[in-house]
Amino acid sequence: MESGAADVARRHSRAGCGVGALRREGTHDLLQQKRLPAVLPSQDGLKQCLTDFKQQLPWVERLDVTLGQVMEPISQSAPNKDAVDPENDFQREMSFYRQAQAAVLEALPRLRKLQVPTRRPDDYFAEMAKSDQQMQKIRQKLKSKQEAMERSEKAKQLRAMRKYGKKVQTEILQRRQKEKKNMLNAVKKYQKGLSDKLDFLDEEQTSSQGHKKGGASQQIKKGPNAKRRYKNQKFGFGGKKKGSKWNTKESFNDVSSFRSKVAHNKGPGKAGRGGKKALNKRPGKRARQKMKSRAR
């Protein structure tokens, strides 16, 4: 019994060594050599399967249209009209499009003959594929994107303006430094006797006068401040006070305000021909006092 068990163990170990050797030496190559040839589909078998699951229903229920290859009208006279390169995506998709279009043109008359409506009515409202909550979320997302784009555009504009302002400021500083350097060089040349021209002083004076004129024009254009405007509104605009009632040539020649009745004492409350003033009917002070004492 022990010898029989040892023989079985030896056989198993030899078989295992053989399998390991096959795996190490390349089992994949051996399987490739023993693989069966590829089985091509049979047309008769496909037709048999088609007849098995095909249902005999009317055409209105099936709505199937079978067409061959439809070529473009422009290229029908070409010699290679049946050649459509399957590797060319554009030609392949255009052939599908033309075939579908031809199928629609063939199916529409048949549907009209069967009195099947092919147009959607004007008052037809289809249900939305997405709910109102989903559309609201989409609107909010689009709005947030638009606001973010506007903020970024404003930030870009601000950065560009700051950059431009810094550029102008640096240009002004460089120009001033250059003018100062030129003036110092001219002064040094004059001190050393290399030059007897004093043009730099004239340039400095003209530049300072130009700055003053510019400041004055700016002040004139600016106008009065808020405090001055408030005082003008409250107290008037000032002007000449002395001699404001003096006659001028225009006022002397203007007689539109002349009244003859007032000038010749002919107005109401005036006397007649003599031109004397009308008598005052009110009693004097002494008479009024006597009248009061009598009343007591």
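On full extension of the chain, what length is gained from Arg176 through Lys261, given 0.36 nm per residue of separation minus the C-alpha to C-alpha distance? Intermediate values should be presented prior to the final figure.
Values: separation 85, 0.36 × 85 = 30.60 nm, distance 7.83 nm.
Result for the pair: 22.8 nm of gain on full extension.
Below 12 angstrom from the Cβ of Ala148, what's the summed charge of the other residues (Lys, Arg +1; Asp, Glu -1)? Don't jump to the answer; show the numbers that get you there.
Numbers: positive: Lys141, Lys143, Lys145, Arg151, Lys154; negative: Glu147, Glu150, Glu153.
That sum, taken over residues with Cβ under 12 Å, equals +2.
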Difference of contour (0.36 nm per residue) and Cα-Cα distance, Glu93 to Lys285: 56.4 nm
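Summing Lys, Arg as +1 and Asp, Glu as -1, what charge do residues with Cβ under 15 Å from the Cβ of Glu106 carry, Glu106 excluded?
+4
For Ser244 and Asp132, what is the calculated FRET efficiency with R₀ set at 45 Å and r taken between the beta-carbons, to the nearest 0.05? All intermediate terms of the calculation are to be shown ahead of the outcome.
Numbers: r = 79 Å, r/R0 = 1.75.
Working from the Cβ atoms, E equals 0.05.
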Calculated FRET value between Asp199 and Lys163, using beta carbons and R₀ = 51 Å, to 0.05: 0.85
Cα-based equivalent ellipsoid, region 62-163: semi-axes from gyration tensor eigenvalues, Å: 48, 29, 11
Separation of the Asp44 and Phe125 label points, Cα + 7 Å toward Cβ, nm: 6.1
Heavy-atom accessible area ranking, 1.4 Å probe, most first, across Arg151, Arg110: Arg151, Arg110
Per residue accessible area in Å² of region 83-178, where ligands, DNA and RNA are left out and the probe is 1.4 Å: 98
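What is the percent carbon and sulfur in the accessible area of region 74-168, measuring with a 1.4 Å probe over the protein chains and ignoring ligands?
Details: 5050 of 9210 Å².
After summing per-atom areas, the C and S share lands at 55 percent.
The values are calculated or read from the model by the stated rules, or taken from the named source; none is laboratory data. All of these numbers come straight from a predicted model, not from anything done at the bench. Cβ: placed from backbone, ideal geometry, glycine included. Neighbour counts: every protein chain shown. Just the protein is used for accessible areas: all its heavy atoms, side chains included, with ligands, DNA and RNA removed. Shrake-Rupley method; radii C 1.70, N 1.55, O 1.52, S 1.80 Å.
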